[in-house]
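Beneath this line is the structure, given in structure tokens, with notes to follow.
The values are calculated or read from the model by the stated rules, or taken from the named source; none is laboratory data. As the structure is a computational prediction, the values presented were derived from the model and not from experiment. Cβ placement follows ideal geometry from the backbone for every residue including glycine, while neighbour counts extend to all protein chains displayed.
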Amino acid sequence: MPAVLRPACRALWAAASVLDDLADRRDVEPAEREARVEAWTQALQRDLAAGASTDPVRHALVDTALRWRLDLSSLQGAMTSTRNDARGRYFADWAEWQARCNEELVPWVDQVRQLFEQVGAPMTLRLDRRKDYEQFIDGSQLTDVLTDLSADLAQGLLLLPAEALEAFPGAEDDLRQGRWSPAAAALISDLTALARQWVTRPAMTRGMHPGAATVLNTAACLMRAQLDAVEAAGSTLLKRAPRPSLAARTRILAPARLRSAMAWSLTPLTVPGPRPPAVAASVPRPAADNTGLRPPPPHPDDARPPQIAADRMPSHVAVIMDGNGRWAEQRGLPRPEGHRAGTAAVREMVYGALEIGLRHLTLYAFSTENWKRDTEEVSTILEAIRRDLDEGPLRDLDVRQRWSGRPDELPEELVQALLREERRTRGRTGLTLTVCINYGGRDEITRTAAALVQAAQAGDVDPHLIGEDDFTRHLPHPDMPDVDLLWRTGDEQRTSNFLPWHATYAELHFTPGYWPDVDRRDLWQAITEYGRRQRRHGAVPLVSPRRPPATGHIRADFSG
């Protein structure tokens, strides 16, 4: 690390370690451990507001947050997850284990990434290498689990998924009883090889600042040395934590320190100025509730969403926001003005989705084909998106914001703003809003196929047994559900390369109005129309459907 960042990184590490230790105290009942984590988190909230703390770790974290202007609210999910760990941890499969890793570790790693951005040496993560980053984090966590196996077993913990344990019958019982059996040895050998594979991600740091790349590459080398020590430990792994030899650590750290010293000496680093006063907005919300989140503002006409039966409610609505330019031309305005006006409709869609209880909303904001448009129009579209992110009209809503698309050609400040909002809202559980910017459906499928080929070459999947689930797992957002309703405004009736994988069985809804004229009532009308349709997915209907008249172009009255 550059010297200027070391105190801040140590403060983050110490805070994460304290919370983890509070949750893992086996000499204390689970309810008390949970209460202690919650008390520490709430004390941090008060200390951040006050700007100081009597607790040395919290004081260091408060000073770091204020000095470097870090938004610690993104740590809420990690703190909640750590608090829940006090009740015990069980993982049915690797997917569940990896989800917990991301939930607990990624927010802390993102804080370090923000520090690198602040200092002027961004640890830029390319979206087309997202899988590499995720597996690197998984590998670091698995290395940690294997290293601390003896300490965890002494506390009755075995932090491995049942899927991994079941592959080696008898290994779980042997480990819990402290027996180093052939089954236990085979399990550890298999997991060590898997961790080594996960932390070896050379593509992850290509194109990154050499100082930041050295940090990550050195971490990977140290973890591989740690795994060498795990592999060599044999039965002593159940008695004490193995450590690499001093010679092994020196072989890694000595040249790395020279490389990093050279990189940082050639990089003009930005040092923060005087520490600003405490700001309440930087405070993470208490893990137990959603304090600070507000409901969406009411509709100007006091319109209320219709009551939709649960079995008639779509889970995922995707919208092609068409007609901005034509809306402007119709009014004698330059086309870019239509895109500025369209941002208000985006907010209305989010408000309406929250009010009706929609879980997933995906908006098509800018396609890979839109680069063919006039330069001024393109600039206006991208600037409107960035300005909306900076102004933060959705900041206090229970909305998890995500971005889908390619970073290539997009302005760096827009990419960073999109990633910032992803990090900040990662722990929110209401509406998941995915905005597609520089997105193309065929491009997404092509990149996913390439990722699947790489996984097959690495031995992660069997190319002869690849199924749809394997493909889905390698999509940019593997947890995105299929689209139930695809709606397009602007009187056009085509899907325009939008979510082809997810929208295979989507109900299509086309309306004539231009996007800037749309408000939340149009979303509710589209969902109401969806609820009237009979979805068969290729099956024969039990009864002949009776279709009501088309109402896609009529706005229903939802006023109270």
Pick from the range 161-178, criterion touching a residue at least 24 places away in the same chain (Cβ under 8 Å) and surrounded by 14 or more Cβ atoms within 10 Å (Cβ to Cβ), ranking: nearest to ALA193 (Cα to Cα): ALA164
Top-ranked residue of the range 416-447 - restricted to ones that are under 15 Å from ILE381 (Cβ atoms) and of a type in the set (A, V, I, L, M), ranked as surrounded by the fewest Cβ atoms within 10 Å (Cβ to Cβ): ALA417
Of all residues making up the range 35-75, the number that are at pLDDT 90 or above, hydroxyl-bearing (Ser, Thr, Tyr) and part of a helix (DSSP H, G or I): 1
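Pick from the range 301-347 the residues that are at positive phi and either surrounded by fewer than 17 Cβ atoms within 10 Å (Cβ to Cβ) or free of Cβ contacts under 8 Å to residues at least 60 places away in the same chain (or both): which of them is farthest from the chain's Cα centre (by Cα)?
GLY332
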2 or more residues touching a Gly at 6+ places or on another chain (Cβ under 8 Å): qualifying strands (runs of 3 or more DSSP E) within the range 400-517: 431-439, 507-510
Qualifying helices (runs of 4 or more DSSP H) (wholly inside the range 118-207; at least 1 residues being over 28 Å from the mean Cα position of the chain (by Cα) and basic (Lys, Arg)): 171-176
Subset of the range 203-257 (residues that are of a type outside the set (A, V, I, L, M, F, W, C) and closer than 20 Å to GLY178 by Cβ): GLU231, GLY234, SER235, THR236, LYS239, ARG240, PRO242
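Here's the yes/no breakdown for (1) out of contact with any Ser or Thr (no Cβ under 7 Å at 6 or more places or on another chain); (2) under 29 Å from GLU409 (Cβ atoms):
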{"site": "SER53", "(1), (2)": "yes, no"}
{"site": "THR82", "(1), (2)": "yes, no"}
{"site": "LEU105", "(1), (2)": "yes, no"}
{"site": "ARG113", "(1), (2)": "yes, yes"}
{"site": "GLU117", "(1), (2)": "yes, yes"}
{"site": "GLY120", "(1), (2)": "no, yes"}
{"site": "ASP144", "(1), (2)": "yes, no"}
Single match in ALA288, ALA280, ALA254 (criterion: among the hydrophobic types (A, V, I, L, M, F, W, C), surrounded by fewer than 18 Cβ atoms within 10 Å (Cβ to Cβ) and modelled with pLDDT of 90 or more): ALA254
Yes/no for ARG67 being over 17 Å from VAL145 (Cβ atoms), charged (D, E, K, R) and crowded, with 21+ Cβ neighbours inside 10 Å: no
